[in-house]
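*Asks:* I have a structure here, written as structure tokens, and I will follow up with some questions on it.
The values are calculated or read from the model by the stated rules, or taken from the named source; none is laboratory data. Computed from a prediction, not measured in an experiment: that's the story for all the values here. Because the Cβ atoms are built from the backbone with ideal geometry, glycine has one as well, and the counts that use them run over all protein chains shown. Heads up: the accessible areas ignore ligands, DNA and RNA and are worked out on the full protein's heavy atoms, side chains in. Shrake-Rupley method; radii C 1.70, N 1.55, O 1.52, S 1.80 Å.
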Amino acid sequence: MTMTDPTFQRVNRESTATLITRQLREGIMNGHLPAGAQLSEASLAQEFGVSRGPLREATQRLVQEGLVRSELNRGLFVKELDEAEIRDLYVARTALETAAARIVARDGSATTLQRLRRVQEDMRTAAESGDLPKLSDADFAFHHLLVEASASPRLRRMHETLMVETRMCLTALEETYFDPEEQVDEHHRITEAIAAGDEAAVVAEIEEHMQEALDRLIRG
């Protein structure tokens, strides 16, 4: 059967709104647009060189993702994570990443394990040199790779939604690395549990790691 419905048009590239959404999301993630910052449609439209239409569509997508909040008669603001939201974020991360890690422990390849160990070594190098931003980057990369390696499109899609908030937390967490070497060791234990194919140990190590990270954030 041939579809001839004129409602649909061929799409050859991403829409302007999608491209703007991605850049704004990255700006929130890396701290260029800090928590609590107001988003000025006029300023952003000028900066992107677009009309307000696609910009408004992009910001509404971020509102739907929970990264931006809209206040009546005040405008749009980058979401600030309070203690309850941070706790909820780590509940979601724990559930999602333990599910991904169990898949990797059961079905993961030697290549995946090698990549996890390489990122873990990047963490160790950063910790030994006292480079906390690089330690945070490697920490983030480890967890991203863990979920990517599960090869589950749904887990990856859900994790992507959490990634920006996670990055915001990791940026804050840079100042709470009381013992960078312990952070490296926590990831080492996760990696070795995966290498052993021990799903129960993987779950236990991730749960402990997440709880430690949450405690540091709350204390911080």
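*Asks:* Is one or more of the residues making up the range 16-34 touching a helix residue (DSSP H, G or I) at 6+ places or on another chain (Cβ under 7 Å), outside any strand (DSSP E or B), surrounded by 13 or more Cβ atoms within 10 Å (Cβ to Cβ) and of a type in the set (Gly, Ala, Ser)?
*Replies:* Looking for residues that are touching a helix residue (DSSP H, G or I) at 6+ places or on another chain (Cβ under 7 Å), outside any strand (DSSP E or B), surrounded by 13 or more Cβ atoms within 10 Å (Cβ to Cβ) and of a type in the set (Gly, Ala, Ser), one finds at least one in the range 16-34, hence yes.
*Asks:* Do you know which residues across the range 102-161 are among the basic types (Lys, Arg) and without any contact (Cβ under 8 Å) to a residue 60 or more places away in the chain? Walk me through how you get there before you give the answer.
*Replies:* So in the range 102-161, the residues among the basic types (Lys, Arg) come out as 102, 106, 115, 117-118, 124, 134, 154, 156-157.
The answer is Arg115, Arg118, Lys134, Arg154, Arg156, Arg157.
*Asks:* Could you check the range 125-138 and list, in sequence order, the residues that are crowded, with 19+ Cβ neighbours inside 10 Å and either modelled with pLDDT of 90 or more or of a type in the set (A, V, I, L, M, F, W, C) (or both)?
*Replies:* Ala126, Ala127, Leu135, Ala138
*Asks:* Among the numbered criteria (1) outside any helix (DSSP H, G or I); (2) buried (at least 18 other Cβ atoms within 10 Å of the Cβ), which one does Asn73 miss?
*Replies:* With respect to (1) outside any helix (DSSP H, G or I); (2) buried (at least 18 other Cβ atoms within 10 Å of the Cβ), Asn73 is out only on (2).
*Asks:* Right, another one. Name the residue, out of Leu81, Leu96, Leu113, Leu62, that is within 28 Å of Lys134 (Cβ to Cβ), in a loop (DSSP other than H, G, I, E, B) and open to solvent by less than 60 Å² (accessible area, probe 1.4 Å). Break it down into steps so the answer makes sense when it comes.
*Replies:* Working: Leu96 fails: in a loop (DSSP other than H, G, I, E, B); Leu113 fails: in a loop (DSSP other than H, G, I, E, B); Leu62 fails: in a loop (DSSP other than H, G, I, E, B).
When all the criteria are applied, what remains is Leu81.
*Asks:* Go through the range 139-220 and tell me which helices (runs of 4 or more DSSP H), entirely inside it, have 1 or more residues that are closer than 21 Å to Glu121 by Cα, polar (S, T, N, Q) and modelled with pLDDT of 95 or more. Give the steps one after another, and end with the answer.
*Replies:* Working: elements: 153-173, 180-195, 199-219.
Per the criteria, 180-195.
*Asks:* For residues that are farther than 29 Å from Asp88 by Cβ and of a type in the set (D, E, K, R), scanning just the range 42-67, find the one that is farthest from the chain's Cα centre (by Cα).
*Replies:* Arg52
*Asks:* So, one more: Only one of (1) farther than 25 Å from Pro133 by Cβ; (2) in a helix (DSSP H, G or I); (3) open to solvent by less than 70 Å² (accessible area, probe 1.4 Å); (4) of a type outside the set (Ser, Thr, Tyr) is not met by Ile86, so which one is it?
*Replies:* The failed condition is (1).
*Asks:* Would you call Leu55 open to solvent by less than 50 Å² (accessible area, probe 1.4 Å), more than 17 Å from Glu165 (Cβ to Cβ), in contact (Cβ under 8 Å) with a residue 12 or more places away in the chain and out of contact with any Phe, Trp or Tyr (no Cβ under 6 Å at 6 or more places or on another chain)? Break it down stepwise before answering.
*Replies:* On the way: open to solvent by less than 50 Å² (accessible area, probe 1.4 Å): yes; more than 17 Å from Glu165 (Cβ to Cβ): yes; in contact (Cβ under 8 Å) with a residue 12 or more places away in the chain: yes; out of contact with any Phe, Trp or Tyr (no Cβ under 6 Å at 6 or more places or on another chain): yes.
In short, yes.
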